[in-house]
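**Student:** Here it is, the structure in full.
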Amino acid sequence: MKYDWGRIVASFAQQYGIRLCNEYDNISCSEFRYLLSNLNSDTPLGYTVMIRSEKNPKRIREMTANEKKIRADWAEFKRKNRKGEKIYLKKEDISKIFSKMFG
């Protein structure tokens, strides 16, 4: 999530009018997850996720240089951060992470 934090902040502001830096303490973890998962493709994060997850070879070939860079950067990030095992976080762990991010 750190990788996309700027896109998340911009997307919340664009779609919901929420300034995460100011409103973070007023949003529950479940509400944050709900809002995050329902961002549309017109937002910076939604657009980026749409580009990263495209599977159609024809559409991939037709992407702009910037879109191809988004995909390449994401593939490189995933390659560098690949772990052998899955990590499962509890709600308390997520709250601690956000507390550290926002002081």
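**Student:** Arg61 is checked against (1) of a type in the set (D, E, K, R); (2) modelled with pLDDT under 95; (3) farther than 22 Å from Ser11 by Cα and fails just one. What number does that condition carry?
**Tutor:** Unmet for Arg61, out of (1) of a type in the set (D, E, K, R); (2) modelled with pLDDT under 95; (3) farther than 22 Å from Ser11 by Cα: (2).
**Student:** Any idea which residue in the range 1-52 is surrounded by the most Cβ atoms within 10 Å (Cβ to Cβ), counting only those that are among the hydroxyl-bearing types (Ser, Thr, Tyr), at pLDDT 95 or above and assigned to a helix (DSSP H, G or I)?
**Tutor:** My answer is Ser11.
**Student:** What's the total number of residues in the range 47-56 that are in contact with a helix residue (DSSP H, G or I) (Cβ under 9 Å, 6 or more places away or on another chain) and farther than 14 Å from Tyr3 by Cα?
**Tutor:** Residues flagged as in contact with a helix residue (DSSP H, G or I) (Cβ under 9 Å, 6 or more places away or on another chain) and farther than 14 Å from Tyr3 by Cα within the range 47-56 amount to 3.
**Student:** Now for a different question. Within the range 20-41, work out how many residues are more than 23 Å from Glu92 (Cα to Cα) and either over 11 Å from the mean Cα position of the chain (by Cα) or without any contact (Cβ under 8 Å) to a residue 24 or more places away in the chain (or both).
**Tutor:** Qualifying residue count, the range 20-41: 2.
**Student:** Within the range 59-84, track down each residue that is free of Cβ contacts under 8 Å to residues at least 12 places away in the same chain and part of a loop (DSSP other than H, G, I, E, B).
**Tutor:** Initial filter on the range 59-84 (free of Cβ contacts under 8 Å to residues at least 12 places away in the same chain): 59-62, 64-66, 68-69, 72-73, 75-76, 78-84.
Matches in the range 59-84: Glu62, Thr64, Asn81, Arg82, Lys83, Gly84.
The values are calculated or read from the model by the stated rules, or taken from the named source; none is laboratory data. Every value quoted in this text rests on a predicted model; they were computed, and no experiment measured them. All Cβ positions, even for glycine, are placed from backbone atoms using ideal geometry, and neighbour counts span all protein chains on display.
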